[in-house]
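A short write-up of the structure that comes next.
Laboratory data are not the source of any read-out in this text; all were calculated from the coordinates shown. Quick caveat: nothing in here was measured; it's all calculated off a predicted structure. We place every Cβ from the backbone using ideal geometry, glycine too, and count neighbours over all the protein chains shown.
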Amino acid sequence: MVMAFKDLFDLPLETKVKNLSKKPYMGYVAMQHVLPLFESSGIEEAHQLDQAQAFTDLMWPDGGNPSFW
């Protein structure tokens with residue numbers, strides 16, 4: 001699982017910012033000048049298979065990332 005998170009945070013910034021949410025601290029939270037090493041990516045309803053699959057398809061549109069499952 002740790003490698004899956006490495007794969008996620010190694011994605012280009014333009015890919016990570018596609019993970020949007022209207023809820024605070026959900027979706028992608030970029031590094032900020034006060035916390036330059038902080039990065040977060042929340043997945044809404046991650047316990048639901050279709051939502052997890054939608055997130056995976058969004059981040060890896062060319063076929064997903066099997067290690068993320």
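If you place +1 on the Cβ of every Lys and Arg, -1 on the Cβ of every Asp and Glu, and leave all else neutral, what size is the dipole of the chain about its Cα centre, to the nearest 20 Debye?
240
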List the residues whose amide H sits under 5 Å from the amide H of residue 18, counting only those 5 or more places along or on another chain, with H placed 1.01 Å from N in the peptide plane. none
Per the helix-only model, the chain has a calculated mean residue ellipticity at 222 nm (DSSP H runs of ≥4, -39500 (n - 2.57) each, divided over all residues, rounded to the nearest 500) of -9000 deg cm²/dmol
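For the chain, what relative contact order do you get, as a whole percent, if you take Cα pairs closer than 8 Å and at least 6 residues apart?
The normalised contact order for the chain reaches 29 percent.
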Relative to the longest principal axis of the C-alpha atoms of the chain, give the angle of the C-alpha long axis of helix 49-59, reported between 0 and 90° and rounded to the nearest 10°. 60
Placing +1 on each Lys and Arg Cβ and -1 on each Asp and Glu Cβ in the chain, then taking the dipole about the Cα centre, the residue among 21, 63, 36 whose Cα reaches farthest towards the positive end is 36
Note to self: Kirkwood Rh of the chain, Cα pairs, one decimal, Å, is 12.6
Highest mean first, what order results for 22-30, 55-63 on Cβ atoms within 10 Å? 55-63, 22-30
Once amide hydrogens are built 1.01 Å from N within the peptide plane, the residues lying 5 or more places from residue 41 or on another chain with amide H under 5 Å from its amide H are 29
